[in-house]
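Okay, so here's the structure we're looking at.
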Amino acid sequence: MENVSNIVLNVTGVEKTFGGLQALSNINLQIEEGKTHAIIGPNGAGKSTLLNVCVGRLAPDSGTVMLGDETLTGKMPYEINQLGVARVFQTPEIFPELTLMENVLIPALAKRDGQFKFNPFKSLLGDKKIHDEAMSVLEDLGLQDQAQRNAASMSRGDKRRVELAMCLVQSPKLLLLDEPTAGMSRHDTNQTIEILQQIKKRGMTKVIIEHDMHVVFSLADHVSVLAQGAIIAEGTPEEIRGNPKVQEAYLGGAHL
């Protein structure tokens, strides 16, 4: 990671404390362009807190987060999204009362129009280009036949795919996925892995937080391990798999 021009996300010296509990301790992290970077660790390690700092949902006590040459620290979540950062949450955050197509159209139009210019009632009625882009993303995720279905009636796995479509339609510079297969059946998990592998081929930069090591080792180019708010190891999946420190911190000594 020596070529700074290839670094999409640069986290430097980030710390975060909650009521005396050190949630993040001197986090330094660089995410390379086009790579899939996994962040793993036991529950309570600080993984989701780190993503929340990156997308502006939490302010760090110290340190900075950069997207290329842009400082994200201090910006609002919608401003960070407008700069090209999209996030898939642990629990799907969709509009259940709307159709799949409407769910995907909203972020597409917001990306185009901006936070304060977005007029859904005007825009939803008539932009064929945006509509075609939304349908193309739904097709990529195998959801085109359900485009007019109400999102509330879908399975958890399909809701996760809808949320992923809502991110992909924005063509983000950086896609953050917080446990994208949580709660899924093995079938849905494998389907999600295939989808993310296809996205990977297009060169999109991704950060994945995941407990399922099958998902991590299927997708990641690089892995960072968090434990008690600090990064204790980094390397390729193969290096992490055989790291005794990681095995001890993450699985109590059991092999990954």
- Task: Report, in degrees rounded to the nearest 10, the 0 to 90 angle that the Cα long axis of helix 100-113 makes with the longest principal axis of the chain.
- Result: 80 degrees
- Message: Nearest 500 deg cm²/dmol is fine: what mean residue ellipticity at 222 nm does the chain get from its DSSP H runs of n ≥ 4 alone, each adding -39,500 (n - 2.57), divided by its residue count?
- Response: -10500 deg cm²/dmol
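What is the order of D69, D188, fewest Cβ neighbours within 10 Å to most?
In order of increasing Cβ crowding within 10 Å: D69, D188.
Add +1 for every Lys or Arg and -1 for every Asp or Glu among the other residues with Cβ under 11 Å from the Cβ of R161, and state the total.
So the surrounding residues net to -1.
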- Semi-axis lengths (Å, descending) of the ellipsoid that matches the C-alpha gyration tensor of region 1-93: 20, 16, 15
- Item | Rh (Kirkwood; distinct C-alpha pairs) - the chain, Å | 18.9 Å
- Roughly speaking, what is the centre-to-centre gap between region 196-215 and region 136-168 when only Cα atoms are used, to the nearest Å? 18 Å
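Could you pull out the trypsin sites (Lys or Arg not before Pro) across region 157-211 that fall in loop regions by DSSP (anything but H, G, I, E, B) with no more than 10 other Cβ atoms inside 10 Å?
Working: sites: K159, R160, R161, K173, R186, K200, K201, R202, K206; in loops: K173, R202.
Answer by residue number: R202.
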- Once the Cα atoms of helix 186-201 and of the chain are each reduced to a long axis, what angle between those two axes, in degrees from 0 to 90 to the nearest 10, is obtained? 90 degrees
- Message: On a straight-distance basis, which lysines could pair with K201 in a cross-link, Cα separation under 25 angstrom, same-chain partners fewer than 8 positions away excluded?
- Response: K35, K111, K129, K159, K173
- Based on DSSP, what percent of beta bridges with both residues in the chain are antiparallel, to the nearest 5? 55 percent
- For the chain, what relative contact order do you get, as a whole percent, if you take Cα pairs closer than 8 Å and at least 6 residues apart? 27 percent
- Task: Among DSSP beta bridges lying fully in region 121-254, give the percent that are antiparallel, nearest 5.
- Result: 50 percent
- Of all the stretches in the chain, which is the longest one without any exposed loop site, taking GluC sites (Glu not before Pro) in a DSSP loop (any state but H, G, I, E, B) with at most 14 other Cβ atoms within 10 Å? 98-256
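Just how many % of Cα pairs in region 139-207 lie over 13 Å apart, if you round to the nearest whole percent? Mind dumping the intermediate values first?
Details: 1543 of 2346 pairs.
Of all Cα-Cα distances in region 139-207, 66 percent exceed 13 Å.
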- Message: Quick query: amide H of L9 versus all other amide H atoms, modeled in the peptide plane; which residues come in under 5 Å with a sequence gap of 5 or more or a different chain?
- Response: I31, G68
- What percent does the relative contact order of region 180-247 come to when contacts are Cα pairs within less than 8 Å and at least six residues apart? 21 percent
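Since every read-out is calculated from the coordinates, none of them should be taken as a lab result. All of these numbers come straight from a predicted model, not from anything done at the bench. Note that we place each Cβ from the backbone using ideal geometry, even for glycine, and neighbour counts take in every protein chain shown.
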